[in-house]
Protein chains: 2
Amino acid sequence: MLIVVALGGNALLQRGEPLEAELQHKNVKHTAQALAALARQHELVICHGNGPQVGLLALQNEAYTKVKSYPLDVLDAESQGMIGYLIQQEVGNQLPGRNVVTLLTQIVVDANDPAFQKPTKPIGPVYTEEQAKELAATRGWQIAPDNNHFRRVVPSPQPKEIVELDMIKALLKLDSILICGGGGGIPVERQDNKLIGIEAVIDKDNTAALIAEKLGADALLILTDVPAVSENWGQPNEKKIKHVTPSVLGKMNFPGGSMGPKITASCRFVERNKKLAVIGNLFDVQDMLEGKAGTRVSMEVDAIEYY
Amino acid sequence: MLIVVALGGNALLQRGEPLEAELQHKNVKHTAQALAALARQHELVICHGNGPQVGLLALQNEAYTKVKSYPLDVLDAESQGMIGYLIQQEVGNQLPGRNVVTLLTQIVVDANDPAFQKPTKPIGPVYTEEQAKELAATRGWQIAPDNNHFRRVVPSPQPKEIVELDMIKALLKLDSILICGGGGGIPVERQDNKLIGIEAVIDKDNTAALIAEKLGADALLILTDVPAVSENWGQPNEKKIKHVTPSVLGKMNFPGGSMGPKITASCRFVERNKKLAVIGNLFDVQDMLEGKAGTRVSMEVDAIEYY
């Protein structure tokens, strides 16, 4: 099978952990073990998020005032280098003799995407309300609530086209394990047949779904730190969903948090390609493929099944 | 012909220009025009330096004190993303329909390389003597003179092995223009068949020469901001070298500055492979190939010829 995985932030950092390099390295080792097990049996393409990391790069840029902060497309590119390197090295260490490569990936977006008017993508650390208000005032950042805290939010347009698609296909044919579309890809717009960077952070689940579609992948695995999608999450009547069609899942309501983009991306991939998407915990990845863990989204179920 | 170019810092920043993103973007457009002309006629692999950029990343890391500075190998990886993206986008804009890709590249070095005891590679901005002394005292940096100023210096071990060599070869066969070995590559050491990052910045001319050798390239072009290698540089009796054998060039003395590594890398490549190396100005690249500009290093000359 050809599998595209979308790695959430927790592949590099557990929720609330500080953004230290050593911690990320340690976490990536565990992530790499889970991914290597998958890569021993399947073709594997790895996409990853960059929310905490690109936020850190932005803060480091702001802190060094002698040089103007670099635009977000360049910081996205830096984050592809940073995160791609850590994953590539550790997955490679788990699989001696296999080629593991990171390809810088530009993703074309529409400069008129409504996302540019309404930033929604949280990046960087969490702030108290007081800190958030000060940052909004002093730096012109957009700030939005995030669980019990606040975070900076930036535009997150829809991915339209993968600039390096041909080379991604070619590298896959060579049996390499490929890291691409990192941080959702570097957002660019097309003007007069030229590419120009644009300030945004594309949602990595949407980008992973687009890559999975364009590669004709058999499965899209969206890996996060919860075991499954739940109805009434955190309530006494919480029900974990085992298997659901995209039409049923797409009509359900998941307020707040980061589950929304995962569900949208899964539903779109399954509806358009009649293949499988699974949302679940990174470390259950084998069980997710076998139907023993996570929430499967496919056409092969009668509406919905619970655990 | 298969050509490997090593782009000096001036491909992105003229000497003394501030490290602003917009300036780098503007400079990369000119660089891309020169490289695109080459790529229309030849197979092209692009290596580039990262001295100013990795220095900036280090300063930004130091300035944001809430998170410990990331190690140099991770910053090298970030710089591959940053610079690779800028070059890839602009070269691609010059050559619609061609594939231009950046592959993250790890380079194995020897952890016992004497360079780790004696840092020599300048990174980041120039400082006055007073600033330099303060930075050495407060940050534990090694500082060394650089022309009339001072700069931070870091270890620069010899590149030994290109981890992603097979994929570089494969991408070249697909007629892509390939950016790899950026910033001299991400330095790693091999321990028990695993790769581990190590804090250093490899010289990009040495890495380009190694890549050229391993790919069997016909020519190594070392592109900088001087028109040629000169005897008695800056003196009334300055003599620009047109063509020279590696054995003659290798015995000449070029005190200070950054010409040393370019000469060492050129001589080694030509001696080992009996091919051509040329050192010259980025914007003379076509004339350099035709023998009309730059300093040619090859076995096909009787000792030395001057302009």
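The values are calculated or read from the model by the stated rules, or taken from the named source; none is laboratory data. It should be emphasised that the depicted structure is a prediction, and the values quoted were computed from it without experimental measurement. A quick note on method: Cβ atoms are made from the backbone with ideal geometry, for glycine too, and the neighbour counts reach across all protein chains shown.
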Criterion violated by A:I304 - all others in (1) closer than 28 Å to A:C180 by Cα; (2) at pLDDT 95 or above; (3) among the hydrophobic types (A, V, I, L, M, F, W, C) satisfied
(1)
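Given the structure, is B:Q89 of a type in the set (S, T, N, Q) and farther than 24 Å from B:A219 by Cα? Break it down stepwise before answering.
Numbers: of a type in the set (S, T, N, Q): yes; farther than 24 Å from B:A219 by Cα: yes.
So B:Q89 fits the description; yes.
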Could you please find all residues in region A:102-126 being more than 12 Å from chain B (Cβ to nearest Cβ), surrounded by fewer than 24 Cβ atoms within 10 Å (Cβ to Cβ) and more than 17 Å from A:S258 (Cα to Cα)?
A:D110, A:A111, A:N112, A:D113, A:P114, A:F116, A:Q117
Can you pull out every residue in region A:43-98 that is in a loop (DSSP other than H, G, I, E, B) and either touching a residue at least 24 places away in the same chain (Cβ under 8 Å) or not β-branched (V, I, T) (or both)?
A:G49, A:N50, A:Y64, A:K66, A:K68, A:S69, A:Y70, A:P71, A:L95, A:P96, A:G97, A:R98
Within the group B:K274, B:K292, B:K251, which residue is out of contact with any strand residue (DSSP E or B) (no Cβ under 9 Å at 6 or more places or on another chain) and closer than 18 Å to B:G216 by Cα?
B:K274
Here are some conditions: (1) under 12 Å from A:D110 (Cα atoms); (2) crowded, with 21+ Cβ neighbours inside 10 Å; (3) touching a Leu at 6+ places or on another chain (Cβ under 8 Å). A:E189 meets all but one. Which one does it not meet?
(2)
Which condition breaks for B:D205 when tested against (1) crowded, with 16+ Cβ neighbours inside 10 Å; (2) modelled with pLDDT under 95; (3) of a type outside the set (A, V, I, L, M)?
(2)
Taking the conditions exactly as written (more than 10 Å from chain B (Cβ to nearest Cβ) and touching a residue at least 24 places away in the same chain (Cβ under 8 Å)), does A:V163 satisfy them or not?
no
Out of everything in region A:237-262 that is under 20 Å from A:G184 (Cβ atoms) and not hydrophobic (A, V, I, L, M, F, W, C), what residue ends up being surrounded by the most Cβ atoms within 10 Å (Cβ to Cβ)?
A:K262
Inter-residue pairs, beta-carbon under 6 Å, first over 13 Å from B:I179 (Cβ atoms) and in region B:1-16, second among the hydroxyl-bearing types (S, T, Y), 6+ apart:
B:G8/B:T224
Elements of type strands (runs of 3 or more DSSP E) contained in region A:176-254, each with 3 or more residues being within 21 Å of A:T264 (Cα to Cα)
A:219-224, A:239-244
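Residue by residue, here is whether (1) modelled with pLDDT under 95; (2) basic (K, R); (3) assigned to a helix (DSSP H, G or I) holds:
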| site | (1), (2), (3) |
| --- | --- |
| A:T102 | no, no, no |
| A:D110 | no, no, no |
| A:K118 | yes, yes, no |
| A:P122 | yes, no, no |
| A:V126 | yes, no, no |
| A:A132 | yes, no, yes |
| A:P145 | yes, no, no |
| A:R151 | yes, yes, no |
| A:D166 | no, no, yes |
Taking the condition charged (D, E, K, R), under 20 Å from the mean Cα position of the chain (by Cα) and under 23 Å from A:R15 (Cβ atoms), does A:D110 pass?
no
Could you tell me whether region A:86-100 includes any residue that is aliphatic (A, V, I, L, M) and more than 30 Å from B:E189 (Cα to Cα)?
no
If I ask for residues that are in a loop (DSSP other than H, G, I, E, B), crowded, with 19+ Cβ neighbours inside 10 Å and hydrophobic (A, V, I, L, M, F, W, C), which ones from region A:263-301 would you list?
A:A293
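Does A:Q80 count as within 7 Å of chain B (Cβ to nearest Cβ) and either crowded, with 23+ Cβ neighbours inside 10 Å or touching a Phe, Trp or Tyr at 6+ places or on another chain (Cβ under 7 Å) (or both)? Give the derivation first.
Numbers: within 7 Å of chain B (Cβ to nearest Cβ): yes; either crowded, with 23+ Cβ neighbours inside 10 Å or touching a Phe, Trp or Tyr at 6+ places or on another chain (Cβ under 7 Å) (or both): yes.
Criteria met by A:Q80.
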